[in-house]
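The values are calculated or read from the model by the stated rules, or taken from the named source; none is laboratory data. What you see is a predicted model; the values in this text were computed from it and never measured. Here the Cβ positions follow ideal geometry from the backbone for every residue, glycine too, while neighbour counts run over all protein chains shown. For accessibility, only protein heavy atoms count, side chains too; no ligands or nucleic acids. Shrake-Rupley method; radii C 1.70, N 1.55, O 1.52, S 1.80 Å.
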Amino acid sequence: MRFAIHAEVTDETFARLRHGRAATGQIFLTIGQQHFPAERWDDFVLALLGAWISNALLFEGFVVEIENRFMDGPWSFRVRREPGAAALTVMGLRGGEVTTPTVQVPVRRYFALLRGAAKSVLNDLRAGGVSEGVDVDD
């Protein structure tokens with residue numbers, strides 16, 4: 001089954017930053033054939049990616065299940081790793097109830113997808129003239 005992380009800045013992202021507001025952008029997952037929570041979901045893209053990356057690093061320890069929340073609404077996705085397993089189990093949730101197919105994602109691919117999404121967003125911000133000193137983590 002398919003799994004992808006989509007994250008991008010928009011014109012709205014730059015407008016918000018110019019006015020000293022928190023950076024939002026499009027961020028959503030593809031789980032199986034579903035866009036989760038919805039295609040082109042608008043949320044705090046940088047804050048979410050930062051939190052999701054921090055959570056993923058916990059898999060190096062004893063944590064075997066993490067719930068990554070979206071900031072707007074009751075949406076989250078659960079990532080589970082059995083100790084020593086080479087793949088993660090991922091599923092989308094709304095208010096704690098599973099709403100997507102459950103997919104298996106190789107651990108290395110999951111980390112690569114997170115890294116790629118974060119790198120893409122940061123590169124777009126730099127290309128759009130956002131300086132390193134601007135607080136984009138709200």
Inset, instruction - Report, in debye and to the nearest 20, how large the dipole of the chain comes out about its Cα centre when Lys and Arg carry +1 and Asp and Glu carry -1 on their Cβ. - result: 400
Inset, instruction - Would you kindly derive the ³J(HN,Hα) couplings of segment 39-44 from the backbone phi angles with the Karplus curve 6.51 cos²θ - 1.76 cosθ + 1.60 (θ = phi - 60°), listing them in order in whole Hz, with x for Gly and Pro? - result: 4, 6, 4, 9, 7, 7
Legend entry - Relative contact order (%) - criterion: Cα under 8 Å, at least six apart; region: the chain: 26
Legend entry - Calculated percent of Cα pairs over 25 Å apart (choose from (i) 26; (ii) 21; (iii) 38), label: (i)
Legend entry - Max mean-square fluctuation residue, GNM over the chain, Cα-Cα springs under 10 Å, options Asp11, Asp124, Asp42: Asp11
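At most 11 other Cβ atoms within 10 Å plus a DSSP loop assignment makes a site exposed; report the longest stretch of the chain without any exposed GluC sites (Glu not before Pro).
That would be 40-131.
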Legend entry - Global form of segment 65-119, assessed from the alpha-carbon gyration tensor, a/c cut-off 1.5: oblate
Legend entry - Average accessible surface area per residue within the chain, 1.4 Å rolling probe, Å²: 54
Inset, instruction - Any chance you could run the full-extension gain for Glu39 through Asp72? It's 0.36 nm times the residue separation minus the Cα-Cα distance, nm to one decimal. - result: 10.5 nm
Inset, instruction - Compare Leu58, Leu29, Leu113 in a GNM of the chain, Cα atoms joined below 10 Å, and give the one with the largest fluctuation. - result: Leu58
Legend entry - Coil-residue trypsin sites (Lys or Arg not before Pro) of segment 1-62, DSSP, other Cβ within 10 Å capped at 14: Arg2, Arg21, Arg40
Legend entry - Estimated 222 nm signal from helices in the chain, with DSSP H stretches of n ≥ 4 weighted -39500 (n - 2.57), rounded to 500: -10000 deg cm²/dmol
